[in-house]
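The values are calculated or read from the model by the stated rules, or taken from the named source; none is laboratory data. What you see is a predicted model; the values in this text were computed from it and never measured. Please note: Cβ atoms are built from the backbone with ideal geometry, for glycine as well, and neighbour counts cover all protein chains shown.
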Amino acid sequence: MDGMHISTPGLVNSAIGAITAHIRQHELGPGDSLPSEANLSRELSVSRTVVREAFRSLAAMRLIDLSPGKRATVAQLDHGAMSLMIEHGIDTEQISVQQIYDVRRTIEVRTATLAALRRSDREGQEILACAQGMVENFDMPTQVMEHDLSFHLAIARASKNPIFAMIVGAFQGVSRQTWPVGWRSRASDAERHSMNQLHVAIAEAIVAGDPNTASQLMAQHFDESAKALLAAGIA
């Protein structure tokens, strides 16, 4: 008979609110199990169809994980939902690439500062290895891009603020679309080498624990990147 119940947006939204409240009230963390559909259906006085739709909505927002035949669990924080929102904004022309670079510049100047102050030795070496990977793979732009994306995410993680890491991660989908354009739009290989060396200099400042230099160089990097995208007509 459960399948005969008609679920309405109002009921589903109420169930979503109740499930998220349950997570807060019981102080559940990543990997912890939620009550079964049957238990939640009884507790909330709604059909299992409503609970199932609420679970699906929460999974789409990356708040819970669903696996066939297993109880729903609290999800590890990630940037998936935010990434989809940003890419949707670009695709529907509600957000411009220039606006994204403006926000990224603001955030990543700060993450460079914090990484220089808070990074562990291992994190510092990881950031430096990413920058060196850009230099060493110069003739393979796709590899340079992957090292570049990893470089910025490693800095965000080293800031020890998971919100920064989530935001920087959310921008990577758009960055994969704009990075090749920015690489090609630079006037010469000398400019491309200069970009790579700037990443090494940022990494070295972070490893040296020099927040002022790290933040200044990161600001310079974003100003140069925005100029390259503007020259290509996409910023």
**Request:** Could you pull out the residue among 129, 112, 54 that is surrounded by 20 or more Cβ atoms within 10 Å (Cβ to Cβ), in the same structural domain as residue 169 (by TED's automatic domain parsing) and either in a helix (DSSP H, G or I) or aliphatic (A, V, I, L, M) (or both)?
**Result:** 112
**Asked** For residues in the stretch 24-51 being within 31 Å of the chain's Cα centre (by Cα) and of a type in the set (A, V, I, L, M), which is surrounded by the most Cβ atoms within 10 Å (Cβ to Cβ)?
**Response** 51
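Answer yes or no as to whether residue 164 is at pLDDT 95 or above and not assigned by TED's automatic domain parsing to the domain that holds residue 218.
Values: at pLDDT 95 or above: yes; not assigned by TED's automatic domain parsing to the domain that holds residue 218: no.
In short, no.
For the stretch 180-211, give me each residue that is basic (Lys, Arg) and assigned to a helix (DSSP H, G or I). Working first, answer last.
Applying the first criterion (basic (Lys, Arg)) to the stretch 180-211 yields 184, 186, 192.
Those that are basic (Lys, Arg) and assigned to a helix (DSSP H, G or I): 184, 192.
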**Message:** Based on this model, can you work out whether residue 94 counts as exposed (fewer than 15 other Cβ atoms within 10 Å of the Cβ), within 23 Å of residue 21 (Cβ to Cβ) and not hydrophobic (A, V, I, L, M, F, W, C)?
**Reply:** no
**Complete:** Being of a type in the set (A, V, I, L, M) and either exposed (fewer than 15 other Cβ atoms within 10 Å of the Cβ) or assigned to a loop (DSSP other than H, G, I, E, B) (or both) narrows 214, 231 down to just 231
**Asked** Quick one: how many residues across the stretch 125-154 are under 20 Å from the mean Cα position of the chain (by Cα) and in contact (Cβ under 8 Å) with a residue 60 or more places away in the chain?
**Response** 3
**Asked** If a residue has to be modelled with pLDDT of 90 or more and either on the phi > 0 side of the Ramachandran plot or of a type in the set (Gly, Ala, Ser) (or both) to count, how many in the stretch 176-235 make the cut?
**Response** 11
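Just to be sure, is residue 117 touching a Pro at 6+ places or on another chain (Cβ under 7 Å), loosely packed, with under 14 Cβ neighbours inside 10 Å and not β-branched (Val, Ile, Thr)? Lay out the reasoning, then the answer.
On the way: touching a Pro at 6+ places or on another chain (Cβ under 7 Å): yes; loosely packed, with under 14 Cβ neighbours inside 10 Å: no; not β-branched (Val, Ile, Thr): yes.
No: the conditions fail for residue 117.
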**Message:** What's the number of the only condition in (1) of a type in the set (Asp, Glu); (2) under 18 Å from the mean Cα position of the chain (by Cα); (3) not in a helix (DSSP H, G or I) that residue 93 fails to meet?
**Reply:** (2)
**Prompt:** Among (1) touching an Asp or Glu at 6+ places or on another chain (Cβ under 6 Å); (2) surrounded by fewer than 17 Cβ atoms within 10 Å (Cβ to Cβ); (3) among the basic types (Lys, Arg), which single condition is residue 70 missing?
**Reply:** (1)
**Odd one out for residue 223 among (1) of a type in the set (D, E, K, R); (2) within 17 Å of residue 128 (Cβ to Cβ); (3) surrounded by fewer than 14 Cβ atoms within 10 Å (Cβ to Cβ)** = (2)
